[in-house]
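The structure under discussion appears below in the form of C-alpha cells.
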Protein chains: 2
Amino acid sequence: MSKTEIIAEPGSPTIVMRRTFDAPRELVHRAFADPELLKQWMGPARLTMRIDEYEPRHAGRYRFVHIDTDGTEYAFRGVFHGEQGVDSAMMRTFEWEGLPGHVSFETATFVESDGRTTVESISVFTAVEDRDGMIENGMQIGVDEGYDKLDELLTMQLAGSVA
Amino acid sequence: MSKTEIIAEPGSPTIVMRRTFDAPRELVHRAFADPELLKQWMGPARLTMRIDEYEPRHAGRYRFVHIDTDGTEYAFRGVFHGEQGVDSAMMRTFEWEGLPGHVSFETATFVESDGRTTVESISVFTAVEDRDGMIENGMQIGVDEGYDKLDELLTMQLAGSVA
C-alpha cells in the first residue's frame, strides 16, 4: 500500500504528490537540499545514486545519475529557480537526459503540523503525453521506494539527535 | 483583430500561443536570443524595456524590466534550461517579481515553412489560478503588441539585408 498520495487528473499536464513524514520541517527540507543526504534516499530501491553537481540556489545547476545493478546509468539534469530555503518552495526544472527536450517544472513545499511535515510536490509538463509517459515509466514506484528510504533516514537522524 | 492565436483551455494550467512571421527562422530566433534585439520589441507598446542580464544558455539567468510612462517598473526574472540554439526549443522559467513564488515554465519553438516562421510558445503554471491570473492581467494585449513590433523589426531587417 502506497503511503504517497499521487494525483494525476486525466487530460491535465500535472502530477501532484503528497507524503507526510514523522519529522520537523527543517530536517525534511535538509534531506532534499543537502546532496550528501539526498543521495542516501532518492530513487527506486534497487538503484544507487551519484550526484555530479547540486547547487540549490537561484540559477544553480544539478545533475544526478541513478545506477542500476548492471551498471546502466540514468542521468537527470536541471536548474533551480529562486531561493531554496525552507520557507520558500523548492523549484527546479527536470529533464531525463535519455529523452532530451521533454522538460518538466517541479515545485516542492514543506508544511509542518504537530511535528510532522507534509511534502507536496507539483510537476507540470509542457504536454499531457509527457506527463502520461512519466507515469507509465513507473514514476510512482520510484517515488514511493525513495520516500520509504527517506522515512528510515529521518528516523535514524531523530534517534541520533535524542540519543 | 489579434494576429496571435492564443489557446487557454478552461481548467488547464497551460497557455499556448502561436504567431507566424514573414521571416526565416534564424532571423526570428535571433530576435528572441539577442537582448539588443529583444528589448526593441518585447512587451506592451506603451512600455520601454531594460535588460539587466540575459544569458541564453543552460542555467543562464535573465532579468528584464518593463518601464511605464510614469516610471513604474515591472521586473521579471528566470533561468534558461538547455541549449538555446535555433534547432532546440528555448526553455526558461518565468517569474514576475511583483508576485514572487508564482513561477511558470515556458517553451518556444521556431518552425519555418516557405520562408515564414511560426513561433509556438507554451507556458505551464503550477496552479490553474496562476494561469488565469496571467490572462486576466492582460497578457494577450502585451504579447500582441510586442509581436506587432517584432513584425516591424523583422521587416526592417529584411529590407536592410536586401538593400
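The values are calculated or read from the model by the stated rules, or taken from the named source; none is laboratory data. Since we're looking at a predicted model, the values are computed, not measured. Glycine also receives a Cβ, built like all others from the backbone with ideal geometry; neighbour counts cover every protein chain displayed. Note: areas computed on protein heavy atoms with side chains; ligands, DNA, RNA excluded. Shrake-Rupley method; radii C 1.70, N 1.55, O 1.52, S 1.80 Å.
Look at the stretch B:18-40 and say how many of its residues are of a type in the set (F, W, Y) and over 23 Å from B:H81 (Cα atoms).
Residues in the stretch B:18-40 being of a type in the set (F, W, Y) and over 23 Å from B:H81 (Cα atoms): 1 in total.
Do we find that A:Y54 is in contact with a helix residue (DSSP H, G or I) (Cβ under 6 Å, 6 or more places away or on another chain) and within 14 Å of another protein chain (Cβ to nearest Cβ) in this structure? Lay out the reasoning, then the answer.
Working: in contact with a helix residue (DSSP H, G or I) (Cβ under 6 Å, 6 or more places away or on another chain): yes; within 14 Å of another protein chain (Cβ to nearest Cβ): yes.
The answer is yes for A:Y54.
Of all residues in the stretch B:48-59, count the ones that are open to solvent by less than 20 Å² (accessible area, probe 1.4 Å) and either more than 23 Å from B:E83 (Cα to Cα) or in contact (Cβ under 8 Å) with a residue 60 or more places away in the chain (or both).
Counting residues in the stretch B:48-59 that are open to solvent by less than 20 Å² (accessible area, probe 1.4 Å) and either more than 23 Å from B:E83 (Cα to Cα) or in contact (Cβ under 8 Å) with a residue 60 or more places away in the chain (or both) gives 0.
So which residues in the stretch B:9-43 are in a loop (DSSP other than H, G, I, E, B), buried (at least 18 other Cβ atoms within 10 Å of the Cβ) and in contact with a strand residue (DSSP E or B) (Cβ under 8 Å, 6 or more places away or on another chain)?
The answer is B:P13, B:A23, B:M42, B:G43.
For the stretch A:60-85, name all the residues that are open to solvent by less than 20 Å² (accessible area, probe 1.4 Å), aliphatic (A, V, I, L, M) and either more than 9 Å from every other protein chain (Cβ to nearest Cβ) or under 13 Å from the mean Cα position of the chain (by Cα) (or both).
Matches in the stretch A:60-85: A:V65, A:A75.
Within the set of pairs 6+ apart or on separate chains, which have a first residue in the stretch A:1-12 that is free of Cβ contacts under 8 Å to residues at least 12 places away in the same chain, a second that is buried (at least 16 other Cβ atoms within 10 Å of the Cβ), and C-beta atoms under 7 Å apart?
That search, which allows pairs on different chains as well, returns A:I7/A:V16.
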